[in-house]
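Below is one structure; the comments refer to it alone.
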Amino acid sequence: MKNLKNALLLKQLYQLKQLGFQYTSVSVYKEDESNLLLPNTLEKLEKQANGCHLCELSKSRTNVVFGEGNKNATLMFVGEGPGATEDSMGKPFVGRSGELLSKIIENVLYLKREDVYIANIVKCRPPNNRTPTPTEAHTCQPYLLKQIELIKPKIIVALGATAYHYLSGDETKITKIRGVLHKREDYTLMATYHPSYLLRNPSAKKDVFEDMLKIKSLL
Ligand code: URA
C-alpha cells in the first residue's frame with residue numbers, strides 16, 4: 001500500500017464495517033491520483049504528515065510525531081504511538097519508555113540513538129494513551145510504509161504487540177513471537193517487548209536483552 005488512496009479506501013471500509021456492513025461494492029475515490037501519492041523525500045513526507053487530518057487523532061494532538069533519526073539507518077524501531085511527552089515535544093520515545101529505549105540502543109547494541117531511526121505506527125497521540133484503533137492504524141500506515149521505503153532499513157524491530165501486528169498482519173501473541181526473525185524481501189522484522197512493558201515488568205528485560213543480542217549479531 002504505497003499511496004493515500006488505498007489508505008482512504010481502507011478507512012472507508014473500516015467505517016462501513018463499524019456501521020454493520022458485511023459487503024459493499026466499493027466506490028473508488030474520485031480524487032485526482034496525483035494528489036494522493038506520497039512524496040519521495042522524508043522532508044516532504046514529514047511536511048505532509050504535519051498537516052494530516054485523515055483521522056480522529058489529528059483533532060486532539062499537539063504535535064505530529066513523524067519520527068527521527070538517521071535517514072539511512074540500517075536499524076529502525078517502530079513503536080505504537082506517541083505518549084504525552086512525545087505529543088508535547090513532537091519527537092518519538094522521549095518520555096520514560098524512551099529513556100529506556102535509548103539505554104537499550106546505547107548499552108546493549110552499542111549504537112548511538114542518532115544512528116537508528118525511530119517511528120511509530122500512528123503519528124498522533126491516542127487520547128489517554130489508548131491503543132490506536134484499526135482505522136487509525138491503517139489510515140496512518142502509508143506514512144510509515146513510505147518512511148520504510150525511503151530509509152531502506154535492513155532490520156526493523158517492532159516494539160510491542162501493536163507495532164508487530166500492524167507491520168506483519170500477524171496476530172500471534174507477542175510472548176510467542178518475540179525474538180523470532182522474519183525475513184522479508186527488503187528487511188528482517190523482529191518483535192520484542194515494548195519499553196513501557198519493561199518498566200512495568202522489569203523481569204522481562206532479560207528477554208529483550210536476548211533479542212537485542214540477535215539484532216547485534218545481524219548488524
Ligand atoms: N510509546 C510509543 O509506542 N511510542 C512513543 O513514541 C512513545 C511511547
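Within the stretch 106-121, the set of residues being among the hydrophobic types (A, V, I, L, M, F, W, C), part of a helix (DSSP H, G or I) and closer than 13 Å to PHE77 by Cα is empty.
Looking across the stretch 202-219, the residues that are open to solvent by 50 Å² or more (accessible area, probe 1.4 Å) and either modelled with pLDDT of 95 or more or part of a helix (DSSP H, G or I) (or both) come down to PRO202, SER203, LYS205, LYS206, PHE209, GLU210, LEU213, LYS214, LYS216, SER217, LEU218.
Can you find even one residue in the stretch 45-57 that is touching a residue at least 24 places away in the same chain (Cβ under 8 Å), away from the ligand (no atom under 16 Å from the Cβ) and within 27 Å of ILE215 (Cβ to Cβ)? Scanning the stretch 45-57 turns up at least one residue that is touching a residue at least 24 places away in the same chain (Cβ under 8 Å), away from the ligand (no atom under 16 Å from the Cβ) and within 27 Å of ILE215 (Cβ to Cβ). Somewhere in the stretch 138-153, is a residue touching a residue at least 12 places away in the same chain (Cβ under 8 Å), touching a helix residue (DSSP H, G or I) at 6+ places or on another chain (Cβ under 7 Å) and in a loop (DSSP other than H, G, I, E, B)? Scanning the stretch 138-153 turns up no residue that is touching a residue at least 12 places away in the same chain (Cβ under 8 Å), touching a helix residue (DSSP H, G or I) at 6+ places or on another chain (Cβ under 7 Å) and in a loop (DSSP other than H, G, I, E, B). Given the condition aromatic (Phe, Trp, Tyr), open to solvent by less than 20 Å² (accessible area, probe 1.4 Å) and under 25 Å from LYS17 (Cβ atoms), answer yes or no: does some residue in the stretch 143-158 qualify? Within the stretch 143-158 (the criterion being aromatic (Phe, Trp, Tyr), open to solvent by less than 20 Å² (accessible area, probe 1.4 Å) and under 25 Å from LYS17 (Cβ atoms)), the answer is yes, since at least one residue qualifies. Evaluating GLU99 against the criteria (1) open to solvent by 20 Å² or more (accessible area, probe 1.4 Å); (2) touching a Ser or Thr at 6+ places or on another chain (Cβ under 6 Å); (3) outside any loop (DSSP other than H, G, I, E, B) leaves one unmet condition, (2). For the stretch 167-180, taking the residues that are aliphatic (A, V, I, L, M) and in a helix (DSSP H, G or I), the one that is surrounded by the most Cβ atoms within 10 Å (Cβ to Cβ) is identified as LEU167.
The helices (runs of 4 or more DSSP H) falling completely within the stretch 30-87 that include 3 or more residues that are open to solvent by 20 Å² or more (accessible area, probe 1.4 Å) and at pLDDT 95 or above map to 42-50.
If you filter the stretch 117-137 down to residues that are at pLDDT 95 or above and among the hydroxyl-bearing types (Ser, Thr, Tyr), you find that the one that is nearest to the ligand (Cβ to nearest atom) is THR131. Answer with yes or no whether TYR164 is part of a helix (DSSP H, G or I), within 13 Å of the ligand (Cβ to nearest atom), at pLDDT 95 or above and of a type in the set (Phe, Trp, Tyr). For TYR164, the condition - part of a helix (DSSP H, G or I), within 13 Å of the ligand (Cβ to nearest atom), at pLDDT 95 or above and of a type in the set (Phe, Trp, Tyr) - is met.
The values are calculated or read from the model by the stated rules, or taken from the named source; none is laboratory data. These numbers come from a predicted model, not from an experiment. Glycine also receives a Cβ, built like all others from the backbone with ideal geometry; neighbour counts cover every protein chain displayed. We work out accessible area using only protein heavy atoms, side chains counted, and drop any ligands, DNA or RNA first. Shrake-Rupley method; radii C 1.70, N 1.55, O 1.52, S 1.80 Å.
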